[in-house]
Amino acid sequence: MQPFRVAIAGLGTVGAETARILLTDTEMLSARAGRPIELKAVSARDKTRDRGVDLDGVDWVDDAATLAARDDVDCVLELIGGSEGVAYDLVLDSVKSGKSVVTANKALIAHHGSEIAKACEENKVGLGFEAAVAGGIPIIKSLREGLVGNHVTRVYGILNGTCNYIMSVMRETGRPFDDVLADAQRLGYAEADPSFDVDGIDAAHKLAILSAIAFGHHVDFDNVHVEGVRHVSPLDITFAEELGYRIKLLGIAEESDAGVQQRVHPCMVKADTPIGQVEDVFNAVVAEGSAVGTTLSYGRGAGAGPTASAVIADVMDLAAGRRVPVFGLDSSKLSPARTAPIASLTGCYYLRLMVIDRPGVLADVTAVFRDHEVSIEAMIQRARNPEEAVPLVLTTHETSETAIKASFEELARLDCVLEEPRQIRIEDF
């Protein structure tokens, strides 16, 4: 039978591990795909680097762009990264040359997924991107194929292992954010520039992809509400524990009357819930469907092995001729994105103020919430020394995002409030 011939662009940790699996597990992969799978060519910047895999017999290509035009390649594995430039050009050129593509590039799919999907349909080739979301967790296949008989109402989860590691260690040790981030960088969990992780962009890329599949709309990254975890303090984590919660950076996509709400931000979740129990660098994604109810997918969200596992799974599907629409529907049937703004959100909130410890402060603060019709459920106030800043923590009954925002704007003008008020949304899963 005609072999399925692949090329790899990018030999970082994921690319090298993918190459190793293709070269060492050839017999198993070929048997499961129903045809031989051959690694024909690779491309990376540095040919001399030791990647722990023997590439003898595999063509080395200096310019990754040339892989798109090779006659001896059926599928290009784009493992370079980045939403523009070489990765973008290689993927589209490969598709237009009649080659299927597998990628782990969440930024590329989040920004250009609709365009690439349409090109794949026009050229009758496949696109695999399981590795772009949640590493080794097969959540793309689960949503797009396993839950195809459901009307999905909500998808949410821990989509960034770096942030989950930081929140976990801060809770366990009481250390501040910057210290734990530095540890995460030393351990290789965070990049030298950690902005994409800790500012929520990485999770937002992944959420935009999941939302498009779950709700059948074009990818809409630009309208994902994004907040990171830099402002979460050990104080907040301590109070969360006292209230029975844990703080997690979550991506949440759910239907509402105003459209599909897509948001990434720190959340307080009950400590005894499945999502509240996910620690360290692990990811977890929950999907709620009309027939199945609630499903939970859990596993490592990054790393060479888990990500390469997802890449290989896509290669196997394409080699076996298993091809489905990129986002579960043909491009012409995807609806325009109708995103509900964060201002339409209602729910409960954790609020922390740093106030001067003196008589009358509590009355001033509660008057602001009264005026904006925010009902307080619980309050923690611990006095220390007069005229020093002390935390005043409140949780609310269900209220609106707009009411909280208006309250905070007024609270910030009070002379007794010494720091910017902090909020963390409480999610009842």
Open item on the list: What are the equivalent ellipsoid semi-axes of the range 345-426, built from the alpha-carbon gyration tensor (square roots of five times its eigenvalues), in whole angstrom, biggest first?
Closed with: 21, 12, 11
Open item on the list: I need the phi-derived Karplus couplings for the range 103-114: 6.51 cos²θ - 1.76 cosθ + 1.60, θ = phi - 60°, integer Hz, Gly and Pro marked x.
Closed with: 9, 10, 8, 5, 5, 4, 5, 5, 8, 10, x, 5
Task: Between helix 161-173 and the chain: long-axis angle, C-alpha atoms, 0 to 90°, nearest 10 - done: 40
TODO: In whole Hz, with x marking every Gly and Pro, tabulate ³J(HN,Hα) for the range 317-325 from phi via Karplus 6.51 cos²θ - 1.76 cosθ + 1.60, θ = phi - 60°.
DONE: 4, 5, 4, 7, x, 8, 9, 10, x
Task: Dipole moment magnitude, nearest 20 debye, the chain about Cα centre, only Lys, Arg, Asp, Glu C-beta charged - done: 880
Open item on the list: Could you tell me the ratio Rg/Rh of the range 4-132? Both radii from Cα atoms, Rh via Kirkwood.
Closed with: 0.94
TODO: On a 0 to 90° scale, report how tilted helix 85-96 is relative to the longest principal axis of the chain, with both axes built from alpha carbons and the result rounded to the nearest 10.
DONE: 50
Task: Built amide H within the under 5 Å cut-off of Tyr349, gap 5+ - done: Thr396, Ile426
Open item on the list: Quick check on my link table: of Lys40/Lys124; Lys47/Lys206; Lys106/Lys141; Lys40/Lys206; Lys248/Lys405, which ones sit more than 24 Å apart, alpha carbon to alpha carbon?
Closed with: Lys47/Lys206; Lys40/Lys206
Open item on the list: Taking every DSSP beta bridge with both residues inside the chain, roughly what % is antiparallel (nearest 5)?
Closed with: 65
- [ ] Take the alpha-carbon centre of the range 96-150, take the same for the range 16-60, and report the distance between them in whole Å.
- [x] 22
TODO: Return the distance in nm (one decimal) between the two label points of a simple spin-label model at Glu27 and Arg45, each offset 7 Å from Cα along Cα→Cβ.
DONE: 3.9
Task: Other-chain or far-sequence residues with amide H under 5 Å of Val61's (modelled H) - done: Val42, Ser43, Ala44
Task: Amide proton proximity set for Ile376, modelled H, under 5 Å, gap of 5+ - done: His397
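Kindly provide the Kirkwood hydrodynamic radius of the range 384-429 in Å, to one decimal, from all pairs of distinct alpha carbon atoms.
Final number for the Kirkwood radius of the range 384-429 is 12.5 Å.
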- [ ] Name the residue, out of Ala208, Ala65, Ala134, whose mean-square fluctuation peaks in a Gaussian network model built on the chain with Cα pairs under 10 Å.
- [x] Ala65
Open item on the list: Please compute the contact order of the range 345-426 in relative form: average sequence separation of alpha-carbon pairs under 8 Å and at least six residues apart, divided by the residue count, as a percent.
Closed with: 49
Open item on the list: Give me a comma-separated list of calculated 3J(HN,Hα) values for the range 231-242, in order, Karplus coefficients 6.51, -1.76, 1.60 applied at θ = phi - 60°, integers in Hz, x for any Gly or Pro.
Closed with: 7, 6, 10, x, 4, 5, 5, 5, 5, 4, 4, 4
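So what is the 222 nm mean residue ellipticity for the chain from helices alone, if each DSSP H run of at least 4 adds -39500 (n - 2.57) and you divide by all residues, rounding to the nearest 500 deg cm²/dmol?
Computed mean residue ellipticity for the chain: -10000 deg cm²/dmol.
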Task: the range 4-132, relative contact order in percent, only Cα pairs under 8 angstrom and at least six apart counted - done: 23
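Show me 368-374, 275-281 ranked by packing, highest mean number of other Cβ atoms within 10 Å first.
For the peptides 368-374, 275-281, the packing ranking is 275-281, 368-374.
Each value in this text was obtained by applying a stated rule to the coordinates, not by laboratory testing. Here the structure is a predicted model, which is why all the values come from computation and not from measurement. Here the Cβ is made from the backbone with ideal geometry for all residues, glycine too, and neighbour counts use every protein chain on show.
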